[in-house]
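Below: one structure, written as structure tokens.
The values are calculated or read from the model by the stated rules, or taken from the named source; none is laboratory data. The model shown is predicted, which means the values in this text are computed figures rather than measured ones. Please note: Cβ atoms are built from the backbone with ideal geometry, for glycine as well, and neighbour counts cover all protein chains shown.
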Amino acid sequence: MHTQAGQGIPVPVTITNSTNFDPQKTRTPQRMKKVCCIGAGYVGGPTSAVMATKNPDVSVTVVDYNKDRIEAWKTNELPIYEPDLLDVVQHARDPVAKRIPNLFFSTDVEGAIAEADIILLSVNTPTKSMGHGAGQASELCHLESAVRRIGEVATSDKIIVEKSTVPCKAAETVRDILNATAKPGLNFEILSNPEFLAEGTAVRNLLHPDRILIGSLNTPRGLAAARSLADLYASWVDRSRIITINLYSSELAKLAANALLAQRISSVNALSAMCESLGADIDEVSHCVGLDQRIGPKMLKASVGFGGSCFRKDILSLAYIAESLHLPQVADYWRSIVGINEYQKERFTRRIVKCLYSSLSSKRLAVLGFAYKKDTGDTRETSAITVVNNLINEGANVRVYDPLVEEDRVWEEVLASSDRRETVKQRLSVWPSAYEACADADAVIILTEWDEFSNKISGPGDARGRGGDRTKRVLDWSRVAGLMQKPMYVFDGRNVLDAAPLEKMGFRVESIGKGVV
Ligand code: UDX
Ligand code: ADP
């Protein structure tokens, strides 16, 4: 038993799953006709677009107070880059092929809330930057302001869905805010329906999800609300993949999934350090362990560290929750995953310095890739921020190229995390092509696994949409060789290179988890 926030009423929590819906407890679910998604970002935009495409009888309105973002969603230059996203958006948004548009983008947050049957909360929940829990807990101010707005505006019952990743028991916070702000007599059902999409593959993940989690209270209204949301997904997802569970299990499952995925990467990265000392090859080790069906091959690629808006934030949030539950050993365990990630970035920088004769002073280093992974222009928590700053602090002139990341974004990220801003301004430059970045370089450093940089892939990448041809380039390494200073070092932080052909061209290739004895 625990207490429902703000009311002091004990609420029994029973875990239910898709097979044990209690029909006695289940009200007849209503077909939702109007969906409002608050937050037009990486989660809200693609999720709403797919939901609208697959439910032509449902009107989906995505709202955001960021006018520029909303305006961009109405054009063919979407505010985020995702392969195939433009096709999906156009299909639901534009009056084509006799289909009545049912996907709308608007800054009228209040209007969309008022009309909606169901509201998806897709606002950002970054790590807190100040106050209690700074650097660890999730910042819920955006969630709070969105929920307040719902409470103030709503004149009819609503289903409120947590799509953003939130700390466990956030549903109680949502309920508390609604109790304080909403008009009496209205009913709000709160569901947890975490998003599992990964950037770069968001559309595929949404169209073919491993599972859809829907957490609700085990009450007649809670279960009916879960069924209503499940019906929207059932338009394209097999019912067997739609799992209805306890509200708080669902909240925790999202954090747990990200923590376990990140834990695999940190485990492999820890092994990569051992490989470099032992003369083993991390790709071979990962391949061998991944053949064990209990382990599986995915998320075992060694790298210069994981980035993105989720892994670090969610692990720190999980650790913070563990600490507040007086479980310090559990908190330490989760934090160590982030610790290895930081270590990996530092270790990679140290290897570069050591190979380049222990000094980077005035050396020219070309950094290829700044996004936190390929097929996205997102730079949140990218390892490149730390590595570029480290290289600059060692005295290097760093020349960055990324096929999708805008120049301003690189500057903002590096400057924001530097305490030597003037030095950054002198030593950082951003270039529109890999060749320009590599001109006269002493070394090339690969920080993102863009297909363009790999000599293992014969054809161009399959990315489409914003960025167009820029994501389809293929780097001619022999041309790079002609541009560089001798000796020509390549530091492959993503293991995208087959070293042998490059070594024949005269490169010295240093890859993560390989080569150093
Ligand atoms: C992640 C989860 O995968 C997704 O389910 C969740 O909803 C959001 O967080 P995302 O961060 O977009 O998605 O990308 P992901 O593919 O998981 O990669 C995260 C980071 O780990 C990237 O920096 C990636 O390059 C790195 N990574 C991934 C590795 O270093 N090695 C791997 O084997 C896989
Ligand atoms: P995510 O990766 O979780 O989708 P993003 O930062 O890409 O995060 O998107 C979150 C979006 O939510 C942003 O565009 C932001 O402007 C929007 N947002 C945050 N709070 C509110 C709010 N109270 N009302 C409307 N939009 C909001």
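Some values worked out for this structure:
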read-out: Any chance residue 138 is touching a residue at least 40 places away in the same chain (Cβ under 8 Å) and within 16 Å of ligand 1 (Cβ to nearest atom); value: yes
read-out: Residue in the range 291-322 that is nearest to ligand 2 (Cβ to nearest atom), counting only those that are in contact with a helix residue (DSSP H, G or I) (Cβ under 7 Å, 6 or more places away or on another chain), hydrophobic (A, V, I, L, M, F, W, C) and not in a loop (DSSP other than H, G, I, E, B); value: 311
read-out: Within the range 362-394, considering residues that are of a type in the set (Gly, Ala, Ser) and more than 18 Å from residue 431 (Cα to Cα), the one farthest from the chain's Cα centre (by Cα); value: 362
read-out: The range 147-196, residues that are charged (D, E, K, R) and outside any loop (DSSP other than H, G, I, E, B); value: 148, 149, 152, 158, 162, 172, 175, 176, 189
read-out: Contacts under 8 angstrom Cβ, first residue in the range 296-308 being more than 6 Å from ligand 1 (Cβ to nearest atom), partner in a loop (DSSP other than H, G, I, E, B), 6 or more apart; value: 297/291; 302/495; 302/512; 302/513; 304/447; 304/493; 304/494; 304/512
read-out: The range 246-258 - residue that is surrounded by fewer than 21 Cβ atoms within 10 Å (Cβ to Cβ) and touching a helix residue (DSSP H, G or I) at 6+ places or on another chain (Cβ under 8 Å) and, of those, nearest to residue 196 (Cα to Cα); value: 256
read-out: Selection status of residue 109, in contact with a Leu (Cβ under 6 Å, 6 or more places away or on another chain), modelled with pLDDT of 95 or more and within 27 Å of residue 251 (Cβ to Cβ); value: no
read-out: Criterion: modelled with pLDDT under 95, under 28 Å from the mean Cα position of the chain (by Cα) and in a loop (DSSP other than H, G, I, E, B) - qualifying residue of 496, 405, 474; value: 474
read-out: Residue identified as of a type in the set (S, T, N, Q) and more than 10 Å from ligand 1 (Cβ to nearest atom) among 324, 383; value: 324
read-out: Output for the range 323-364, where each listed residue is of a type in the set (Phe, Trp, Tyr) and either part of a loop (DSSP other than H, G, I, E, B) or over 25 Å from residue 381 (Cα atoms) (or both); value: 357
read-out: Options 158, 183: the member that is more than 30 Å from residue 323 (Cα to Cα) and surrounded by fewer than 18 Cβ atoms within 10 Å (Cβ to Cβ); value: 183
read-out: Sole residue being within 12 Å of ligand 2 (Cβ to nearest atom) and either modelled with pLDDT under 95 or in the same structural domain as residue 37 (by TED's automatic domain parsing) (or both), chosen from 69, 93; value: 69
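This table checks each residue for (1) more than 13 Å from ligand 2 (Cβ to nearest atom); (2) in contact with a Ser or Thr (Cβ under 8 Å, 6 or more places away or on another chain).
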| residue | (1), (2) |
| --- | --- |
| 113 | no, no |
| 135 | yes, yes |
| 159 | yes, yes |
| 163 | no, yes |
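Conditions tested, residue by residue: (1) surrounded by fewer than 20 Cβ atoms within 10 Å (Cβ to Cβ); (2) touching an Asp or Glu at 6+ places or on another chain (Cβ under 8 Å).
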site: 389; (1), (2): no, no
site: 406; (1), (2): yes, no
site: 422; (1), (2): yes, no
site: 430; (1), (2): no, yes
site: 437; (1), (2): no, no
